[in-house]
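Okay, so here's the structure we're looking at.
The values are calculated or read from the model by the stated rules, or taken from the named source; none is laboratory data. This structure is a prediction, so every number in the text was calculated from the model and none was measured. Counting neighbours? That spans all protein chains shown, and the Cβs are built from the backbone with ideal geometry, glycine included.
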Amino acid sequence: MNTIDQLNFKDKKALIRVDFNVPLDKDFNITDDKRMRAALPTIHKILNDGGSVVLMSHLGRPKGGPENKYSLKHILGDLSRMLDLEVKFAEDCIGEDAENKAKNLFPREVLLLENLRFHPEEEKGDVAFAEKLAKLGNVYVNDAFGTAHRAHASTTIVAQFFPKAKYFGYLMAEELKNAEKVNHGAVKPFTAIMGGAKVSDKILLIESLLDKVDNLIIGGGMAYTFAKAQGGEIGTSLLEEDRMALCLELIEKAKAKGVNLILPIDTVIADKFDNNATKNQVATGSIPANWMGLDIGEKTIELFSETIKNSKTILWNGPMGVFEMANFEHGTKAIAEAVVAATKNGAFSLIGGGDSAAAIAKFNLDDQVSYVSTGGGALLEYMEGKELPGVKAIMN
């Protein structure tokens, strides 16, 4: 694997794709800086070698042009504080201003480019746009695992302009190492915990996991489609009616492959989608009309936790309920605590980005599991066995 450890960056100018797509509040304050902190070791290595750094990232989903709320200038102060130096800023990611500022960088200086997605060519993977970006450095480093599944100009196409000078940053290398540990080196028993809203989002992953895991736990909104498919009553809970036949198929596939597929046996229901709704606890397939399931129940917590605590490898992707609401976070929190207990007992636990990462952070348990991925979609595609364009571009 081509990592930055293979190069001394003295007098080199590194063009680094980072993932600074961080959440901002209405006053443009960063509410979670984890992704920025994850890129610091790579930046420090290059600066300490005596190199200079040009950082490129996207932020949010701007619609076809510059929008103030998606400007990376909002993170400039925080980034400068994190690096303990004054980070320079280019008002655009290509063009004269960016080129001049990049050209005039001294060793151990950092330039942050404006949001890549202010140019539609970024997401189109435009070669001419990638070539303009390539002018800003003489070494290319990809440290943005969260966007490695996108064949965008800055994550994939730009690498072709650095045939002998392209590397993985520390974060990217670490993400791949941990994903591989679960994908091809899992110590048994291997348990995957799948949650979240939709079966359709996780079909390929579930099918891929059925060839690898000993136990597959299904929770969250997707569990109600399984319950309905098996003839249960689910009230107004989340349902993907067109996926019911598939759920039955997955149950049969699990049986045929000897995988222990574990579904919720009870659920916490509410009379409306509201933190202060009236609550009750019922069997999963016996939810009354006009009530909805918003969390797993106590018996399910016990059942899931027992399996998790006896596992040696754990992959968790997706919450068990609406953990964003305090009155429906209990199931997700209990599963997080079970994963922590298993980790303390010697298991390897990988938390799969997105909502799972947000949940484990909410409960302040992120430093008590083996690894929390920064890339939800990228990790899922990697686990599905897909080739990530951002990874392939460095390997080739």
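Summary table
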{"quantity": "Matching entry among 362, 386 (being surrounded by fewer than 21 Cβ atoms within 10 Å (Cβ to Cβ) and in contact with a Phe, Trp or Tyr (Cβ under 8 Å, 6 or more places away or on another chain))", "calculated": "362"}
{"quantity": "Sole exception among (1) crowded, with 20+ Cβ neighbours inside 10 Å; (2) closer than 15 Å to residue 172 by Cβ; (3) at pLDDT 95 or above for residue 35, by number", "calculated": "(3)"}
{"quantity": "Residue list for the stretch 290-313, filter: without any contact (Cβ under 8 Å) to a residue 24 or more places away in the chain and either more than 15 Å from residue 263 (Cβ to Cβ) or not in a helix (DSSP H, G or I) (or both)", "calculated": "none"}
{"quantity": "Boolean, residue 199 is surrounded by 15 or more Cβ atoms within 10 Å (Cβ to Cβ) and either among the aliphatic types (A, V, I, L, M) or touching a Phe, Trp or Tyr at 6+ places or on another chain (Cβ under 8 Å) (or both)", "calculated": "yes"}
{"quantity": "Unmet criterion (only one of (1) under 19 Å from residue 96 (Cα atoms); (2) free of Cβ contacts under 8 Å to residues at least 24 places away in the same chain; (3) part of a loop (DSSP other than H, G, I, E, B)) for residue 164", "calculated": "(1)"}
{"quantity": "Subset of the stretch 1-20 [surrounded by fewer than 21 Cβ atoms within 10 Å (Cβ to Cβ) and either modelled with pLDDT of 95 or more or of a type in the set (Val, Ile, Thr) (or both)]", "calculated": "3, 5, 6, 7, 8, 10, 11, 12, 13"}
{"quantity": "Residues located in the stretch 88-122, provided they are among the aliphatic types (A, V, I, L, M), in a helix (DSSP H, G or I) and in contact with a helix residue (DSSP H, G or I) (Cβ under 9 Å, 6 or more places away or on another chain)", "calculated": "98, 116"}
{"quantity": "Any pair with Cβ under 6 angstrom, 6 or more apart, that starts in the stretch 231-245 at a residue that is free of Cβ contacts under 8 Å to residues at least 12 places away in the same chain and ends at one that is hydroxyl-bearing (Ser, Thr, Tyr)", "calculated": "none"}
{"quantity": "Qualifying residue in the stretch 67-84 (condition: more than 28 Å from the chain's Cα centre (by Cα), assigned by TED's automatic domain parsing to the domain that holds residue 157 and surrounded by 13 or more Cβ atoms within 10 Å (Cβ to Cβ))", "calculated": "no"}
{"quantity": "Unique match (being at pLDDT below 95 and in a helix (DSSP H, G or I)) among 146, 64", "calculated": "146"}
{"quantity": "Residue tally, condition more than 10 Å from residue 9 (Cβ to Cβ) and either part of a strand (DSSP E or B) or of a type outside the set (D, E, K, R) (or both), over the stretch 25-56", "calculated": "15"}
